[in-house]
């Protein structure tokens, strides 16, 4: 049952094997709080969250309800969103307030987002006025904005302060963040003018002015900036942290690299899942939730498949005359679909990273057109040779070769045109592009293949 190795005062999970899960579940059922608390105390917060996620719904509810067990705030924020929502339904108002009070403001906002309106308002009313104001202000911003991921706990000092004044302030003020890397320098209107690394403060004489050792602000983040754009800004400028300003350019918060890592990961996961048509699905979601999220996408795919089927039905006579056409249709469709998805994936990434612009759009489209021609010719030759060896019919070989070239070109062009067009009308290209590109390549592929087949074999 040994599954951890020591790293300092904590232990890092290697694998929560079945035996351990069963043993821990038994201890939960017998309410062995001493064993439970000691086990969790020895594990890293992330691993405790992983353990809780691996429990059954019944065991997880029992664990939360056991007298003497209090879920640590640092553990709670490591849980995935669906489990967080589940746990919040079990926890008392007082327990949730205790968690919120011990977390940074950005993490507290994430918790409040998962609560129903009534429960959220009740909790806000019971918080200290200062905390209530900050959290309500944070919740007033759009969900995908920088304001939702910024923390309002930061250190800012006037530019005319000396290093000695700053050090005394840091030592004496109990309301400051426990950990920080940078100190913001602000003017009389609380507008940021620069930053000073904490290490530089320690190495500089007490008499020196903070303004003399500061680094001018390279980048400032607006409260309304999209989270995805924040991630790109951090990447482009190699930032560790960045100040966040309101519409008056006053400092209201900061975003750190760890917040951005989470954002980038979430955006990547979101795009991947949306390309597959499953939205924000978590592995821990219930069967009903998973089914509901996948239904609309599958329904749309059904209608697009019917469209492709309708195209095929119009060439029934050709297929009856030349049965080989039916055998070869999947080749044309699958090659076009895969080529389209390749272009689509590259395009969506380029859109997300803002690498695709009006200045280079025509050039990128031209490249995809040439790639489509080259791939079309290569695979037309390969497929044509195989078909010739198989059916001994030169017209059929030429037919599938021409169809392959046409479908590859179409796949490349629409793989970039569809997501760009959807983006222009404010539809998430990652969510809707794949079904349209697949449908277009199927329809064009069948039309070209069966249309040319009808001309060759029925005339």
**Asked** Only one residue in 153, 182 is in contact with a helix residue (DSSP H, G or I) (Cβ under 9 Å, 6 or more places away or on another chain), under 15 Å from residue 105 (Cα atoms) and in contact (Cβ under 8 Å) with a residue 24 or more places away in the chain. Which one?
**Response** 153
**Request:** Scan (1) modelled with pLDDT under 80; (2) loosely packed, with under 13 Cβ neighbours inside 10 Å; (3) assigned by TED's automatic domain parsing to the domain that holds residue 426 for the single condition residue 362 breaks and write down its number.
**Result:** (1)
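Looking only at the stretch 77-94, how many residues end up being part of a helix (DSSP H, G or I), under 16 Å from residue 116 (Cβ atoms) and touching a residue at least 24 places away in the same chain (Cβ under 8 Å)?
Step one: filter the stretch 77-94 for residues part of a helix (DSSP H, G or I), giving 81-90, 93-94.
Keeping just the survivors that are under 16 Å from residue 116 (Cβ atoms) gives 81-82, 84-90, 93.
Retained after the next criterion (residues that are touching a residue at least 24 places away in the same chain (Cβ under 8 Å)): 81-82, 84-88, 90, 93.
Qualifying residue count, the stretch 77-94: 9.
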**Message:** I'd like to check which helices (runs of 4 or more DSSP H) are fully inside the stretch 111-206 and have at least 2 residues that are surrounded by 13 or more Cβ atoms within 10 Å (Cβ to Cβ) and assigned by TED's automatic domain parsing to the domain that holds residue 75.
**Reply:** 117-126, 129-139
**Request:** Would you point out which residue out of 325, 374 is assigned by TED's automatic domain parsing to the domain that holds residue 454 and more than 20 Å from residue 393 (Cα to Cα)?
**Result:** 374
**Request:** Report yes if residue 62 is crowded, with 16+ Cβ neighbours inside 10 Å, farther than 21 Å from residue 261 by Cα and over 29 Å from the mean Cα position of the chain (by Cα), otherwise no.
**Result:** yes
**Prompt:** Which one of 53, 104, 81 is within 23 Å of residue 27 (Cα to Cα) and at pLDDT below 90?
**Reply:** 53
**Test: residue in the stretch 128-138 that is under 17 Å from residue 224 (Cβ atoms) and touching a helix residue (DSSP H, G or I) at 6+ places or on another chain (Cβ under 6 Å)** = yes
**Asked** Quick check, is residue 74 in contact (Cβ under 8 Å) with a residue 60 or more places away in the chain, assigned to a helix (DSSP H, G or I), touching a helix residue (DSSP H, G or I) at 6+ places or on another chain (Cβ under 8 Å) and assigned by TED's automatic domain parsing to the domain that holds residue 112?
**Response** no
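The values are calculated or read from the model by the stated rules, or taken from the named source; none is laboratory data. All of these numbers come straight from a predicted model, not from anything done at the bench. Cβ sites come from the backbone with ideal geometry, for glycine too, and all protein chains shown count toward neighbours.
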